[in-house]
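Note sheet for the following structure.
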Amino acid sequence: MKFSRPIALGVAAGLAIGAFGIGAPTASAEPVSDSFVAVGSDTLQDVMNALANGTNITGPTVRSTANGAYIGSFDATGSNWIQTKSNGVRFGRPNGSGDGVTALSRSIDGRAYSSGTVGGPINVTITGQVDIARSSSGPKTQDANGALRYIPFGRDALTYAHSAGDNAAFNHIDTAALKNLFDCTETTIGGVTVTPVIPQAGSGTRKDFLAKIGVTYASDVVPSCVKIGQEHDTSHLADGTDFPANAVTPMSAAQWVAQNTGAGIDRRGNGVKVGSPTGIAPVTGEGTAMVPNQAFYNDTTWGRDTYLVVENARVTSGDAKYDAGLANLVSSSNDKLGNTGTVAPSQAGSVKKKFGFLAPSSTTPLRAPLAD
C-alpha cells in the first residue's frame, strides 16, 4: 500500500502494524487508495480507522475491505491537504462532518471544493476522489429523491467535558445553563469563571450541540467569551494553545469511552472529566472497563445516530452508476461498515461497541440532497 506525502514516517509504520490487526487503530490512516475513500467526522474517525486498517480489539481480526482491497480513511486533522487516489489531485483536508459531506458532494457533482482547513488548496475539482463521508449527525434536510444516502452507523450520545477537576458544580450543567454559557449571557458555574470551547466550523458535533442547547452563531462568528477548539480534543485549542482550566466543551460519549479504554486516540487533557446535561451519567465504569450508558444514549435529546454518507445511485442495484463493491462495503454483512450486530466478536458492530457506539435507533437509511 502506498502512502501520501504528508504522512509522518512513524504513522506509516503504525499503519503497517494496523494492517496485521494489532490492537487499537493507528494515529492516522493516510493511504493513497486504489479502493474507496472515507473522510469527515472526528467522532467516527478512530473506529473507521480500526475497521479500515484491521483490528483484533474484539479477539479475531476484523477488517472491512472492498473486493479484497483495502480502503482509505482520512483523519479530520493532520496536514492541510490530502491526496486520496492514485494520480489524484491534492485538495484541502475535510475537517468534520459538514466538510466531509461537502467533499463527497463535490466529488459527485464536479463543482470546485474548498475545505475548512486553513492553508489547504482552494477551489479544487475533486471529481471521483471521495466515496464515503463520515457524519456524526443526520442530514439537515431530508429529500426522498436526494442524491445522498445516509446509512446508520451506530448510536452515540452528545454530552460535554470539562476541565474543572473535582469541582462538582461542573458535573451536571443543564441545558439552560449550557445555553447561557455558550451565548455568553452567563460566565460562571458555582462561582467559577467558565471558558466555553466550541469545535471548529464544519464540525457536526458543533452544529448538533448548538442546536440542542438552542444557540445560533451567525456566519460561524462566535461570541467573545467562546474559544475555538478541535472536536473531542481536550488537550489543546484549535490554535495549538493548551486547553484552558475551567473550560466546557461538547463531547461525544463514544469518543470519551474510546479515549479512556485505549481503543481510540487519547486526546484528553489533564484532569478533564465528562459531565451530564441530564443528571444521568453518559458512561459507566472507569478506564479500560468504561462502557456506554444505554439510559443516556436512549435520551431523545442527547442521544444521536451517526451515519456513513454515500451517493445513493452507487449503492442502488439497477442504477447505471451502481457499484457492487461500494454497496457491499457499506452493507450490514458481518465485517462490513454498515454492520451493527454484536453477537459475534467477528462482527464490525462488536468493534464499534468497543469504541463506545451502540446499535442505532433505526437501520433505515435517510436521503438528502447534495451539500451546497
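Tabulated values for the structure
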read-out	value
Residue 124, sole failed condition from (1) at pLDDT 95 or above; (2) within 15 Å of the chain's Cα centre (by Cα)	(2)
Neighbours by Cβ (under 9 Å, 6+ apart or cross-chain): first from the stretch 215-229, closer than 19 Å to residue 194 by Cα; second at pLDDT 95 or above and surrounded by fewer than 13 Cβ atoms within 10 Å (Cβ to Cβ)	227/241
Selection count, the stretch 118-136, where residues are surrounded by 24 or more Cβ atoms within 10 Å (Cβ to Cβ) and assigned to a loop (DSSP other than H, G, I, E, B)	4
Options 363, 340; residue that is farther than 16 Å from residue 149 by Cα, assigned to a loop (DSSP other than H, G, I, E, B) and of a type in the set (Ser, Thr, Tyr)	340
The stretch 306-319 - residue that is surrounded by 22 or more Cβ atoms within 10 Å (Cβ to Cβ) and of a type outside the set (Ser, Thr, Tyr) and, of those, farthest from residue 176 (Cα to Cα)	315
Some residue of the stretch 296-303 being aromatic (Phe, Trp, Tyr), free of Cβ contacts under 8 Å to residues at least 12 places away in the same chain and assigned to a loop (DSSP other than H, G, I, E, B)	no
Any hit, the stretch 96-109, residues being part of a loop (DSSP other than H, G, I, E, B) and buried (at least 16 other Cβ atoms within 10 Å of the Cβ)	yes
Given (1) surrounded by fewer than 20 Cβ atoms within 10 Å (Cβ to Cβ); (2) within 26 Å of residue 169 (Cβ to Cβ), number of the condition residue 364 does not satisfy	(2)
The stretch 313-337 - residue that is within 21 Å of the chain's Cα centre (by Cα) and in a loop (DSSP other than H, G, I, E, B) and, of those, farthest from residue 65 (Cα to Cα)	332
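Each row is one residue, and each column tells you yes or no for (1) modelled with pLDDT of 95 or more; (2) outside the structural domain of residue 74 (by TED's automatic domain parsing); (3) in a loop (DSSP other than H, G, I, E, B).
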position: 17; (1), (2), (3): no, no, no
position: 29; (1), (2), (3): no, no, yes
position: 35; (1), (2), (3): no, no, yes
position: 39; (1), (2), (3): yes, no, no
position: 51; (1), (2), (3): yes, no, no
position: 59; (1), (2), (3): yes, no, yes
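Let's see how each residue does on (1) of a type in the set (Ser, Thr, Tyr); (2) out of contact with any helix residue (DSSP H, G or I) (no Cβ under 7 Å at 6 or more places or on another chain); (3) modelled with pLDDT under 95; (4) outside the structural domain of residue 90 (by TED's automatic domain parsing):
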residue: 129; (1), (2), (3), (4): no, no, no, no
residue: 135; (1), (2), (3), (4): yes, no, no, no
residue: 143; (1), (2), (3), (4): no, yes, no, no
residue: 148; (1), (2), (3), (4): no, no, no, no
residue: 163; (1), (2), (3), (4): yes, yes, no, yes
residue: 173; (1), (2), (3), (4): no, yes, no, yes
residue: 178; (1), (2), (3), (4): no, no, no, yes
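The values are calculated or read from the model by the stated rules, or taken from the named source; none is laboratory data. Note that the structure is a prediction, hence the values are computed from the model and not measured. As a convention, Cβ positions derive from the backbone with ideal geometry for all residues, glycine included, and neighbour counts pool all protein chains shown.
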